[in-house]
Amino acid sequence: MTAQTPTADPALVIAAARSWLGTPYHDQASLRGVGCDCLGLARGVWREVVGTEPFPIPPYSRDWGETGPREVLAVGARAMMIEVPPAEAGPGALVLFRMMPRAIAKHVGILTGPDTFLHAFERLGVIEEPLTPAWARKIAFAFLFPAR
């Protein structure tokens, strides 16, 4: 997708994401109020904001230290979303975090304000928290949801 592709209203993306607050963490799930992981949260927001998921998500590893030649999450997001430079990402953007140096990006969040984001975190479930400098430094990629 290109920058000319119409993007979803950030307020709609944020409202959809916040409707998942309190959902328990469950690896590889995507059911609001029942369980999800970080990618499951993004998938659920996609379904609400954009529509049906365009392809099934294959099983994936939980290893944040995973390395490899291919940024699997970024490649998948590029096929469906509008990529923007991380420094230009604002509220409503989906961000991919590289949790460990030299590892591939394996964590997903949605910016909810200039200094806040929402994500699903093991043991905590879906939470909204400050985008601290430590979190901001880990952002490797950013994408906008396309309009329906």
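For every residue, the table says whether it meets (1) over 15 Å from ALA120 (Cα atoms); (2) over 14 Å from the mean Cα position of the chain (by Cα).
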position: SER19; (1), (2): no, yes
position: LEU39; (1), (2): no, no
position: VAL49; (1), (2): yes, no
position: PRO69; (1), (2): yes, yes
position: VAL75; (1), (2): yes, no
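Residue by residue, here is whether (1) aromatic (Phe, Trp, Tyr); (2) out of contact with any helix residue (DSSP H, G or I) (no Cβ under 6 Å at 6 or more places or on another chain); (3) without any contact (Cβ under 8 Å) to a residue 12 or more places away in the chain holds:
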| position | (1), (2), (3) |
| --- | --- |
| ALA17 | no, no, no |
| GLY44 | no, yes, no |
| PRO58 | no, yes, yes |
| ARG78 | no, yes, no |
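Condition test on GLY125, is it modelled with pLDDT of 90 or more, in contact with a Pro (Cβ under 7 Å, 6 or more places away or on another chain) and within 17 Å of TYR25 (Cβ to Cβ)? Spelling it out, GLY125 is indeed modelled with pLDDT of 90 or more, in contact with a Pro (Cβ under 7 Å, 6 or more places away or on another chain) and within 17 Å of TYR25 (Cβ to Cβ).
If you go through the stretch 76-101 and keep only what is touching a Gly at 6+ places or on another chain (Cβ under 6 Å) and either in a strand (DSSP E or B) or hydrophobic (A, V, I, L, M, F, W, C) (or both), you end up with VAL95, MET100. For the subset of the stretch 13-47 comprising residues that are in contact with a Lys or Arg (Cβ under 9 Å, 6 or more places away or on another chain) and surrounded by fewer than 18 Cβ atoms within 10 Å (Cβ to Cβ), which member is farthest from LEU73 (Cα to Cα)? The selected residue is SER19. Within the stretch 50-72, the presence of at least one residue that is at pLDDT 95 or above and surrounded by 18 or more Cβ atoms within 10 Å (Cβ to Cβ) is confirmed. In the set ALA74, ALA87, ALA105, only one residue is small (Gly, Ala, Ser), more than 22 Å from GLY22 (Cα to Cα), in contact with a Leu (Cβ under 9 Å, 6 or more places away or on another chain) and without any contact (Cβ under 8 Å) to a residue 40 or more places away in the chain; that residue is ALA105.
Taken over the stretch 1-47, residues that are under 16 Å from LEU144 (Cα atoms), in a helix (DSSP H, G or I) and not charged (D, E, K, R) amount to 14.
Any residue at all in the stretch 112-128 that is aromatic (Phe, Trp, Tyr), surrounded by 19 or more Cβ atoms within 10 Å (Cβ to Cβ) and either farther than 18 Å from LEU21 by Cβ or touching a residue at least 40 places away in the same chain (Cβ under 8 Å) (or both)? No, that holds for no residue. Per the conditions (1) surrounded by 15 or more Cβ atoms within 10 Å (Cβ to Cβ); (2) modelled with pLDDT under 95, the sole criterion not satisfied by MET100 is (1).
The values are calculated or read from the model by the stated rules, or taken from the named source; none is laboratory data. Bear in mind the structure is a predicted one, so any value in this text is a computation, not a measurement. When we count neighbours, we look across all protein chains shown, and the Cβ atoms used for this are built from the backbone with ideal geometry, even at glycine.
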